[in-house]
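Visitor: Sharing a structure here in structure tokens format.
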Amino acid sequence: MVPKGPVGRKIAMRQACLITLEGGEGAGKSTVARGLQARLAERGVLSIVTREPGGSPKAEAIRGILLSGKVKPYGPFAEAIMFYAARIDHIEKTIRPALARGNWVISDRFADSTRAYQGALGKVDPTLLGSLERVALAGFRPDITLILDVPVEIGLARAAARRGSGATDRFESEGRGFHARLRQAYLEIAEREPDRCIVLDASLPPDDVLEMAWAAVEMRALAGVSNTFADAALQ
Ligand code: T5A
């Protein structure tokens, strides 16, 4: 339903959006998430930044188990089920309530990570993974997905620099070939769903990447709604 303005005319109201950030290790997703949140705030748009696996207390508990590598011996389909168990709780406890309040949601990873890591790399049967996604998400999907694309060496070097002397997690410790295939998997997802996905060259300096990310959000999600958050566009 289109809400009425103070003088009874219709206001062009844009629903709150779910923006997901995807890409390999150290691509700069968390950095872009914070930058986008700041840009939205400048426009008067409230948002939350969240992450997967995690983003709600129960999903964070599952994150600990998954990243410790304890599920790895059970195989990639078992990992996919665990990622979805976390995702369902994340959606119900964090994402949907935020969207319902009118807040935008910026999620550092979402379902494309399962498609890329457990699907393309773990070789889980695409039909099986597709069925899991359909049942778990029931049509719920991001409005816009930014895929941060970086050469493997750059991503791993960034992740290692940020980690310092800390141990690598379950996925960072995979070989170079794994991360190259991962990059390809994301590019293929973007090719299949161009209406939702935008690939950004994330090897550029952080300010440039944020500029591109913001331009994409403005073009895809804020187009025609600038007045919604400023002075209510009257139709
Ligand atoms: N996973 C996840 C699955 O297998 N299946 C799933 O379904 C899901 C949801 C999550 C792991 O779980 C896997 C994928 C992952 O392996 P995580 O700890 O959340 O693990 O790790 P990542 O999501 O990979 O995130 P990272 O923390 O490794 O990297 P980010 O967020 O992409 O990068 P960021 O922003 O922290 O930046 C890393 C470093 O690089 C610098 C930053 O300052 C930081 O030091 N940096 C830049 N430097 C130069 N130029 C730029 N443009 C830069 N941008 C950032």
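The values are calculated or read from the model by the stated rules, or taken from the named source; none is laboratory data. In this text the structure is predicted, and so the values were computed from the model without any measurement. Neighbour counts run over all protein chains shown; Cβ positions are idealised from the backbone, glycine included. Note: accessible area is taken over every heavy atom of the protein model, side chains too, but ligands, DNA and RNA are not part of it. Shrake-Rupley method; radii C 1.70, N 1.55, O 1.52, S 1.80 Å.
Visitor: What number comes out for the charge environment of L21, summing +1 per Lys or Arg and -1 per Asp or Glu over other residues with Cβ under 11 Å away?
Guide: Within the 11 Å Cβ shell, the charges total 0.
Visitor: Starting at the first residue of segment 29-39, write each ³J(HN,Hα) from the Karplus equation 6.51 cos²θ - 1.76 cosθ + 1.60 with θ = phi - 60°, in whole Hz, x for Gly and Pro.
Guide: 5, 5, 5, 5, 4, 5, x, 5, 4, 5, 5
Visitor: So for segment 18-234, taking the charge dipole from beta-carbon charges (+1 Lys/Arg, -1 Asp/Glu), which of L121, S107, V71 sits furthest toward the positive end?
Guide: Going by the Cα projections, it comes out as V71.
Visitor: Now a separate question. Using the crude model of +1 on Lys and Arg Cβ and -1 on Asp and Glu Cβ, and no other charge, please compute the dipole size for segment 40-136 relative to its Cα centre, in debye to 20.
Guide: About 100 debye.
Visitor: Considering only protein heavy atoms, what per residue accessible area in square angstrom results for segment 18-234 with a 1.4 angstrom probe?
Guide: 46
Visitor: Quick one: what are the phi-derived ³J(HN,Hα) couplings along segment 81-93, Karplus 6.51/-1.76/1.60 with θ = phi - 60°, whole Hz, x for glycine and proline?
Guide: With coefficients 6.51, -1.76 and 1.60, one gets 4, 5, 4, 6, 4, 5, 5, 4, 5, 4, 5, 6, 8 Hz.
Visitor: A further question on this structure: Using a probe of 1.4 angstrom, how much of the accessible area of segment 1-155 is carbon and sulfur, in percent?
Guide: Heavy-atom surface of segment 1-155 belonging to carbon and sulfur, 1.4 Å probe: 60 percent.
Visitor: Oh, and also: Quote to one decimal, in nm, the extra length available between R101 and R162 on full extension: 0.36 nm per residue of separation minus the C-alpha distance between them.
Guide: 18.6 nm
Visitor: Continuing with this model, one more query. Which peptide among 82-91, 150-159, 184-193 comes first, and what is the full order, when sorted by highest mean count of other Cβ atoms within 10 Å?
Guide: In decreasing order of mean packing, 82-91, 150-159, 184-193 become 82-91, 150-159, 184-193.
Visitor: Another one. Search the structure for amide H atoms under 5 Å from the amide H of S107, placed 1.01 Å from N in the peptide plane, and list their residues when 5 or more places away or on another chain.
Guide: Those lying under 5 Å, H to H, from S107 are I19, T20, L21, T50.
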